[in-house]
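A.B. asks: Here's a structure for you.
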């Protein structure tokens with residue numbers, strides 16, 4: 001084993017140990033939102049039924065590579081939440097290692113320790129922390145994107161093609177990366193090497209053909225296609241998403257300090273390798289700005305290693321004391337973001353607010369399992385799935401559920417009262433309740449472009465369907481309530 005390989009193995013072991021250690025409190029955390037709504041059920045379908053296109057949840061365009069990986073882990077170690085969390089942490093550890101190596105590669109010739117700065121920034125980033133343990137696609141996509149970029153810069157085009165093929169079979173939006181590589185090689189008139197990067201497109205096309213054959217829809221189902229393609233391409237949605245992307249990458253959580261460094265040290269970020277890296281990052285930003293109705297921040301995970309490498313390298317123009325001060329401040333502000341919630345709507349999975357959400361859902365589920373066995377419990381997703389399927393970690397046995405589309409009074413009233421013994425209502429969106437988000441024009445905008453629907457109040461529920469709140473739990477500004485007939 002060469003010294004370089006040995007060092008790589010050592011760093012991987014260190015990063016893995018670090019990530020597992022800081023996630024120990026959450027290795028048994030029940031599954032959250034899209035985990036239990038899509039990815040875990042799809043992986044269980046592969047494990048139990050060899051069904052590569054989901055049968056226990058709605059199929060959609062997402063390719064099956066991550067779900068197949070989880071099914072293989074469960075086949076070997078048995079199905080469990082800790083096995084799932086550790087399996088995903090291994091991928092995140094590889095992603096952290098590749099981010100470290102990418103920073104070394106891109107920042108050659110700069111002073112300071114940019115690779116260590118990048119590693120510190122990644123670990124301190126709340127969304128990296130939460131996504132590292134979650135059974136979702138974006139952390140694996142980040143890991144493979146950075147690996148592919150490293151291989152491309154090393155001119156290992158065959159290996160890079162394999163990484164890109166794996167990438168598009170993890171997440172379809174990863175296609176932007178091999179398109180950048182193929183386009184760059186065409187620009188350099190390296191025709192044979194450029195041809196390698198048709199392979200990821202072919203692999204993704206095969207998946208889409210199989211999906212269409214099984215479902216009759218190129219994206220798996222019409223609702224997914226409408227929300228993530230037709231709705232997301234509305235001009236107002238695109239403009240708002242672009243602003244949101246810029247804010248997340250260059251302002252939020254102390255990253256404005258890194259943006260100042262980018263401006264001050266832009267002369268450092270020159271040359272072929274930086275241009276390729278920026279094209280990869282830019283293509284990813286453009287893709288997830290145009291596609292994806294929810295415009296979730298986790299879609300930008302593949303951009304962070306490149307962005308952080310640029311910020312760390314650009315900071316080399318600072319005096320040493322100022323460089324360390326600003327980078328330490330960035331790490332500290334990012335870490336504060338684990339616990340501090342912004343005063344506007346954000347996905348709970350962006351920080352530890354997700355653990356508050358899960359804890360509340362679990363408290364209500366345990367209470368109902370003990371005090372309302374056999375009762376018909378009305379609520380909305382994801383709570384309905386959480387209490388209906390014990391494998392998600394909330395209950396020990398299935399409870400009876402009645403589903404509403406949302407907590408709007410009209411949809412709650414549509415439930416047959418004869419099939420509803422208990423109603424469970426919970427906070428779904430952060431940032432409402434006395435702030436700017438309560439203004440009608442803001443809600444109208446959110447309703448038009450982001451699918452926001454206001455929840456019925458307790459008074460409206462009582463007047464409309466005759467249920468009253470009898471029990472309430474709160475945590476970190478979130479809440480969940482149990483209603484019974486008046």
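The numbers here are math on the coordinates, done by the rules we state, and not lab data. Just so it is clear, the model here is predicted, and its values are computed rather than measured. When we count neighbours, we look across all protein chains shown, and the Cβ atoms used for this are built from the backbone with ideal geometry, even at glycine.
A.B. asks: For the chain, what does -39500 (n - 2.57) per DSSP helix run (n ≥ 4), summed and divided by total residues, give at 222 nm, in deg cm²/dmol to the nearest 500? Mind showing how you got there, number by number?
C.D. replies: Details: 22 runs with 279 residues, N = 486.
Calculated at 222 nm, the ellipticity per residue is -18000 deg cm²/dmol.
A.B. asks: Stokes-Einstein diffusion coefficient for the range 3-339 at 25 °C in a medium of 0.890 mPa s, Rh from the Kirkwood formula over Cα pairs: what value in µm²/s? List each step's numbers first, then the result.
C.D. replies: On the way: Rh = 20.6 Å.
Answer from the Stokes-Einstein relation: 119 µm²/s.
A.B. asks: Let me ask something else. Separation of the range 364-424 and the range 1-30 by C-alpha centroid, Å?
C.D. replies: One Cα centre to the other: 39 Å.
A.B. asks: Neighbouring Cβ atoms within 10 Å as the yardstick, rank 440, 273 fewest first. Intermediate values should be presented prior to the final figure.
C.D. replies: Details: 440 8, 273 16.
Lowest count first: 440, 273.
A.B. asks: Relative to a virtual label point 7 Å from the Cα of residue 223 in the Cα→beta-carbon direction, which members of the range 373-390 show backbone nitrogen distances below 12 Å?
C.D. replies: 381-382
A.B. asks: Next up: Would you mind pulling out the separation of the Cα centroids of the range 316-361 and the range 45-96, in Å?
C.D. replies: For the range 316-361 versus the range 45-96, the Cα centre distance is 29 Å.
A.B. asks: Relative to the longest principal axis of the chain, what angle (0 to 90°, nearest 10) does the C-alpha long axis of helix 176-187 take?
C.D. replies: That works out to roughly 30 degrees.
A.B. asks: Please state, to two decimals, what the Cα-based radius of gyration of the range 53-212 comes to when divided by 2.2 N^0.38 Å (N = residues). Could the numbers behind the result be given before it?
C.D. replies: On the way: Rg = 17.1 Å, N = 160, 2.2 N^0.38 = 15.1 Å.
Taking N as the residue count of the range 53-212, the ratio is 1.13.
A.B. asks: In degrees, nearest 10, range 0 to 90: what is the angle between the Cα axis of helix 40-49 and the longest Cα principal axis of the chain?
C.D. replies: Helix 40-49 sits roughly 90 degrees off the main axis of the chain.
A.B. asks: Using just the C-alpha positions of the range 131-230 as equal point scatterers, what log10 of I(q)/I(0) does the Debye formula give at each q in 0.20, 0.21 1/Å?
C.D. replies: So the normalised log intensities work out to -0.99, -1.04.
A.B. asks: What is the spin-label model distance, in nm, from residue 403 to residue 13 if the labels are put 7 Å beyond Cα along the C-beta direction?
C.D. replies: Simple spin-label model gives 4.8 nm for this pair.
A.B. asks: Using a simple spin-label model with points 7 Å from Cα along the Cα→Cβ vector, what separation in nm is obtained for residue 51 and residue 391?
C.D. replies: Simple spin-label model gives 1.0 nm for this pair.
A.B. asks: Rounded to the nearest 5, what % of the DSSP beta bridges within the range 349-485 are antiparallel ones?
C.D. replies: Values: 12 of 18 bridges.
Rounded to the nearest five, the antiparallel share is 65 percent.
A.B. asks: Could you list 232, 266, 159 so that the one with the fewest beta carbons within 10 Å of its beta carbon is first and the one with the most is last?
C.D. replies: Going from sparsest to densest Cβ surroundings: 266, 159, 232.
A.B. asks: I've got another one for you. Starting from the 7 Å offset along Cα-to-Cβ, what nm value, one decimal, do you get for the label separation of residue 210 and residue 6?
C.D. replies: That separation, rounded to one decimal, is 4.2 nm.
A.B. asks: If you restrict to DSSP beta bridges whose two residues both lie in the chain, what percentage is antiparallel, to the nearest 5? If you can, show how the numbers build up before the last one.
C.D. replies: Working: 12 of 18 bridges.
Antiparallel: roughly 65 percent of the beta bridges in the chain.
A.B. asks: Could I ask something else about it? Over the range 349-485, what is the relative contact order in percent, taking alpha-carbon pairs closer than 8 angstrom and at least six residues apart?
C.D. replies: Numbers: 195 pairs, mean separation 36.2, N = 137.
This gives 26 percent for the range 349-485.
A.B. asks: Averaged over all directions, how much area does the convex hull of the C-alpha atoms of the range 1-101 cover when projected, in nm²?
C.D. replies: Numbers: hull surface 30.9 nm².
Averaged projected hull area, Cα only: 7.7 nm².
A.B. asks: How far, in degrees from 0 to 90, does helix 440-450 lean away from the longest principal axis of the Cα atoms of the chain, to the nearest 10?
C.D. replies: 70
A.B. asks: Express in nm, to one decimal, how much length is gained between residue 418 and residue 187 on full extension, taking 0.36 nm for each residue of separation and deducting their alpha carbon distance. Walk me through the numbers before you get to the answer.
C.D. replies: Numbers: separation 231, 0.36 × 231 = 83.16 nm, distance 6.69 nm.
Gain on stretching residue 418 to residue 187: 76.5 nm.
A.B. asks: Report, to one decimal in Å, the Kirkwood hydrodynamic radius for the range 349-485 based on all distinct Cα pairs.
C.D. replies: Working: mean 1/r = 0.0641 Å⁻¹.
Averaging 1/r across every pair of different Cα atoms and inverting gives 15.6 Å.
A.B. asks: On to the next question. For the range 384-425, how big is the tail of P(r) above 11 Å, as a whole percent of Cα pairs?
C.D. replies: 65
A.B. asks: If I take R0 = 51 Å and measure r between the Cβ atoms of residue 27 and residue 266 in this structure, what FRET efficiency does the formula 1/(1 + (r/R0)^6) give, to the nearest 0.05? Walk me through the intermediate numbers first.
C.D. replies: On the way: r = 42 Å, r/R0 = 0.82.
About 0.75, to the nearest 0.05.
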